[in-house]
1. Check whether at least one residue in the range 1-24 is assigned to a strand (DSSP E or B), touching a residue at least 12 places away in the same chain (Cβ under 8 Å), touching a helix residue (DSSP H, G or I) at 6+ places or on another chain (Cβ under 7 Å) and more than 16 Å from Gln118 (Cβ to Cβ), and report yes or no.
2. Counting only residues that are farther than 16 Å from Leu20 by Cβ and either under 12 Å from the mean Cα position of the chain (by Cα) or assigned to a loop (DSSP other than H, G, I, E, B) (or both), how many does the range 88-106 have?
3. Quick one: in the range 50-73, of everything that is touching a residue at least 12 places away in the same chain (Cβ under 8 Å) and hydroxyl-bearing (Ser, Thr, Tyr), which residue is farthest from Arg27 (Cα to Cα)?
4. Going by what's in this entry, would Ala50 be described as assigned to a strand (DSSP E or B), touching a Pro at 6+ places or on another chain (Cβ under 7 Å), open to solvent by less than 30 Å² (accessible area, probe 1.4 Å) and not hydroxyl-bearing (Ser, Thr, Tyr)?
5. So which pairs qualify, if the first residue must be in the range 74-103 and in contact (Cβ under 8 Å) with a residue 24 or more places away in the chain and buried (at least 18 other Cβ atoms within 10 Å of the Cβ), the second must be of a type in the set (Ser, Thr, Tyr) and in a loop (DSSP other than H, G, I, E, B), the Cβ gap must be under 9 Å, and the two must be at least 6 apart or on different chains?
6. Taking the condition in a loop (DSSP other than H, G, I, E, B) and touching a residue at least 40 places away in the same chain (Cβ under 8 Å), does Val119 pass?
7. Would you mind finding the one in Arg27, Arg38, Arg19 that is more than 16 Å from Glu93 (Cβ to Cβ), of a type in the set (Lys, Arg) and within 12 Å of the chain's Cα centre (by Cα)?
Amino acid sequence: QVQLVESGGGLVQAGGSLRLSCAASGRTFSSYAMGWFRQAPGKEREFVAAIDWTGRLTYYANSVKGRFTISRDNAKNTLYLQMNGLKPEDTAEYYCAARREPISVVITDYDYWGQGTQVTVSS
């Protein structure tokens, strides 16, 4: 069981960058696959990126490939999402999530969720 807290969101102009963090507490962070999801008002939550427990296997939504990078530091119990080349359509509440292995892009596979951090990209 883990508890997750996101941070690093904010307001940025199109083309800019943000780095989101997700701090985990509880037990055995290093044994969990992790993911980032996002949700805009009135829209369904969607997959953004995922990473396996080793940090060496990653998946990305097509909409963010080449712009976002997911990573983790198991020694610090922290998940990251580096977001470059931000676009207005990236505006959403971003959530980190955790599940027992294996890695997944399916929202219902994830067991633990943070409260979210807002990312707003102006045009």
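The values are calculated or read from the model by the stated rules, or taken from the named source; none is laboratory data. Everything numeric here is computed off the predicted structure, so don't read it as measured data. Cβ sites come from the backbone with ideal geometry, for glycine too, and all protein chains shown count toward neighbours. Heavy atoms of the whole protein, side chains included, go into the accessibility calculation; ligands, DNA and RNA do not. Shrake-Rupley method; radii C 1.70, N 1.55, O 1.52, S 1.80 Å.
1. yes
2. Residues meeting the conditions: 6.
3. If we take residues in the range 50-73 being touching a residue at least 12 places away in the same chain (Cβ under 8 Å) and hydroxyl-bearing (Ser, Thr, Tyr), then Ser63 is farthest from Arg27 (Cα to Cα).
4. Details: assigned to a strand (DSSP E or B): yes; touching a Pro at 6+ places or on another chain (Cβ under 7 Å): no; open to solvent by less than 30 Å² (accessible area, probe 1.4 Å): yes; not hydroxyl-bearing (Ser, Thr, Tyr): yes.
For Ala50, the condition - assigned to a strand (DSSP E or B), touching a Pro at 6+ places or on another chain (Cβ under 7 Å), open to solvent by less than 30 Å² (accessible area, probe 1.4 Å) and not hydroxyl-bearing (Ser, Thr, Tyr) - is not met.
5. As it stands, the answer is Met83/Ser17; Leu86/Ser17; Asp90/Ser63; Ala97/Tyr110; Ala98/Tyr110; Arg99/Tyr110, since those pairs meet every condition given.
6. Working: in a loop (DSSP other than H, G, I, E, B): no; touching a residue at least 40 places away in the same chain (Cβ under 8 Å): yes.
So Val119 fails the test.
7. Working: Arg27 fails: within 12 Å of the chain's Cα centre (by Cα); Arg38 fails: more than 16 Å from Glu93 (Cβ to Cβ).
The conditions single out Arg19.
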